[in-house]
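Please read the structure below before turning to the comments.
Nothing in this text is a laboratory measurement; each read-out follows from the coordinates by a stated rule. Predicted, not measured: the structure shown is a model, and the values here were computed from it. Here the Cβ is made from the backbone with ideal geometry for all residues, glycine too, and neighbour counts use every protein chain on show.
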């Protein structure tokens, strides 16, 4: 991989970044940049939108058209940008809180609308930036600062949510498999339609500390030991799959894309 | 487009926006503003513009800001509850200096309140609704004709000063039908945001132009890469915790309205020169107030009329000058007393200020205001 090309996509003058040493977010950013380089994307034609939280700072570090918006709302901003200029490549980087809690409504409607945006959801099962509060993807039984006796509510399955809401491309990987994450991001960007790439990452600082995954290595090993490829998972029972992370491409379908539809509508209206 | 139209206020705002060059609308249905969205849904595709009905009010303004970031003049419209929901992203547009126009067709509140009845209860929210300090530009049209005109002015101001501009209409103005003389638009009178003259490598997105103290703005997709954030940022748009940079940003945000205040402020006076009693009113209330002032004159009372067209910035200097000569200023409002506080601030005790309020969903009859004039005269 041409490192120099990847490097040119970084705003290194704003380093050091704010992520904790050993954070998984850098692995995801690297995977995204490799995908952009492979696809020969132009910085000035690439939009990176983000919400609020550790994940959102990624937009600042990438040298492109970047917009760091309000908590959970990035997809709505990205939708406006994409609709105004459909030729732009629009990528939305968000956290699990952004995507499934405060921004849940925008997420399901972006899936339904099937607008050509790639949503990369960095799921670390926690609100890291604010100090480790439970999120909608915190597994039941896990400890967080706002679940001091263990979380009692079930967590969201982001990929099932996206599939149910109508996304054209849905995939899951983990930071323990960066090549796969890169491939899924690349596939998502190439897909005409709304793509969701969930990448499980870790916050050893706030989640790991309370849940026996204190170091980055503990987390990488956890992901390695608990990931099950989709093909294999199909032959496993629900009991065998309990606590496992199913990785792979869940949806890859061709459905009409929103901006295509809108531009066709304009042509129809203006043609009359 | 006909030269003479018979429009509702909401229609006039929609057509005025289109005439101003608006090509993007993001919104969500809400009474009594929905006609604006409906007209934009029909008209924008004809102009190669974009309309999108979003999943909620918050997304409506977010998409609108997105449309502007991508270079289109962008509008959203709402009413009370929706205006509350939009406040956070409105703050982002102030902080990130993204031009948009937001219409609030006011209805009674608080909460769901009176969806089909008029009120003026959001005028302080227009000034202070989002958290944090910023300058505000806000128009309050009092006729259908003026709805058309302020829509154009609002877009011009948003583009010139690179910030959100508000139009506070109300249910009466929004749904009233009147004759409108649709002026021929002189394209040279329409303002487009200043685009960067620098090559992309040299573009500094928040560095003010020394000539007018205002920064220019590139659009996404125009060859420039830059960063937009709601975090307090430096001239390059990057988050900062440096005290000097923070102060520089905040002072410039305030200054860009303060320093152009005289260019922005608009008001109207009738029979004010020799008046002893002034009725100060805006929006739909201005109409019954003016009628009451005329009637008072017929009865020999030296009554006058002062109508802020911009609620923010408020025409305080102009009102203060007038206050030196009058005894009493009556401020009728369809709220429990909001702009009257600004009137009191402006006149510094130089004239007696009398609030006259109505919050039952009805509008003032001229004779009610006349009775107050006669009482104080």
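For an R0 of 56 angstrom, estimate the FRET efficiency from the Cβ-Cβ distance between residue B:274 and residue B:87 and round to the nearest 0.05.
0.85
Can you give the translational diffusion coefficient of segment A:155-272 in µm²/s, computed by Stokes-Einstein from the Kirkwood radius over Cα pairs at 20 °C and 1.002 mPa s?
132 µm²/s
For the protein assembly as shown, what is the Kirkwood estimate of the hydrodynamic radius, computed as the reciprocal of the mean inverse distance between distinct Cα atoms, to one decimal in Å?
Mean inverse Cα-Cα distance, inverted, gives 26.3 Å.
Mind telling me which of A:18, A:246, A:62 comes out most flexible in a GNM of chain A, alpha-carbon contacts under 10 Å?
Its mean-square fluctuation being the largest, the pick is A:18.
Classify segment B:4-189 as rounded, prolate or oblate, taking a ≥ b ≥ c as the square roots of the eigenvalues of its Cα gyration tensor: rounded when a/c is under 1.5, otherwise prolate if a/b is larger than b/c and oblate if not.
rounded
Given chain A, report the % of alpha carbon pairs whose separation exceeds 34 Å.
Result for the distance tail: 15 percent.
Roughly speaking, what is the stretch gain from residue A:230 to residue A:12, that is 0.36 nm per residue apart minus the C-alpha to C-alpha distance, in nm to one decimal?
74.7 nm
Considering the convex hull of the alpha carbon atoms of segment B:257-314, report its projected area averaged over all viewing directions, in nm², one decimal.
Value for segment B:257-314: 4.1 nm².
Could you identify which residue out of B:259, B:299, B:291 has the top mean-square fluctuation in a GNM of chain B using Cα springs shorter than 10 Å?
Looking only at B:259, B:299, B:291, the biggest GNM fluctuation is shown by B:299.
Of all DSSP beta bridges in segment A:3-271, what percent run antiparallel (nearest 5)?
Among the beta bridges of segment A:3-271, antiparallel pairing accounts for roughly 20 percent.
In deg cm²/dmol, rounded to 500, what helix-only [θ] at 222 nm does the protein assembly as shown give when every DSSP H run of at least 4 residues adds -39500 (n - 2.57) and the total is split over its residues?
So the helix-based figure for the protein assembly as shown works out to -11000 deg cm²/dmol.
Report, in degrees rounded to the nearest 10, the 0 to 90 angle that the Cα long axis of helix A:216-226 makes with the longest principal axis of chain A.
Approximately 80 degrees, to the nearest ten.
Do me a favour and compute the ellipsoid semi-axes for segment B:230-334 from its Cα gyration tensor, root of five times each eigenvalue, largest one first, whole Å.
Working from the Cα gyration tensor, I get semi-axes of 41, 13, 9 Å.
Beyond 39 Å, what share of the Cα-Cα pairs of chain B remains, rounded to the nearest whole percent?
Every Cα pair in chain B considered, those over 39 Å come to 16 percent.
Between A:123, A:221, A:187, find the one with the highest GNM mean-square fluctuation for chain A; connect C-alpha pairs within less than 10 Å.
A:221
Between residue B:348 and residue B:374, what's the calculated FRET efficiency when r is the beta-carbon distance and R0 is 41 Å? Round to 0.05.
It comes to 0.95.
Quick check: the angle from helix A:104-113's long axis to the longest principal axis of chain A, C-alpha only, nearest 10 degrees?
Its long axis makes an angle of about 40 degrees.
Could you tell me whether segment B:87-185 comes out rounded, prolate or oblate from its Cα gyration tensor? Rule is a ≥ b ≥ c as square roots of the eigenvalues, rounded for a/c under 1.5, then prolate if a/b exceeds b/c, otherwise oblate.
oblate
Taking the Cα atoms only, what angle lies between the long axis of helix A:74-84 and the longest principal axis of chain A, rounded to 10 degrees?
Long axis of A:74-84 versus the principal axis of chain A: about 20 degrees.
Using DSSP, restrict attention to beta bridges with both residues in segment A:1-112 and report what percent are antiparallel, rounded to the nearest 5.
In segment A:1-112, DSSP labels about 10 percent of beta bridges as antiparallel.
By how many nm would the segment from residue B:211 to residue B:246 lengthen if fully extended, with 0.36 nm per residue of separation less the alpha-carbon distance?
Fully extending the segment from residue B:211 to residue B:246 adds 10.4 nm.
Run through the DSSP bridge list for the protein assembly as shown and note the antiparallel percent, rounded to the nearest 5.
Roughly 25 percent of the beta bridges in the protein assembly as shown run antiparallel, per DSSP.
If you take the beta carbon distance between residue A:268 and residue B:188 as r and set R0 to 35 Å, what does 1/(1 + (r/R0)^6) give as a FRET efficiency, to the nearest 0.05?
With a Förster radius of 35 Å, E is 0.55.
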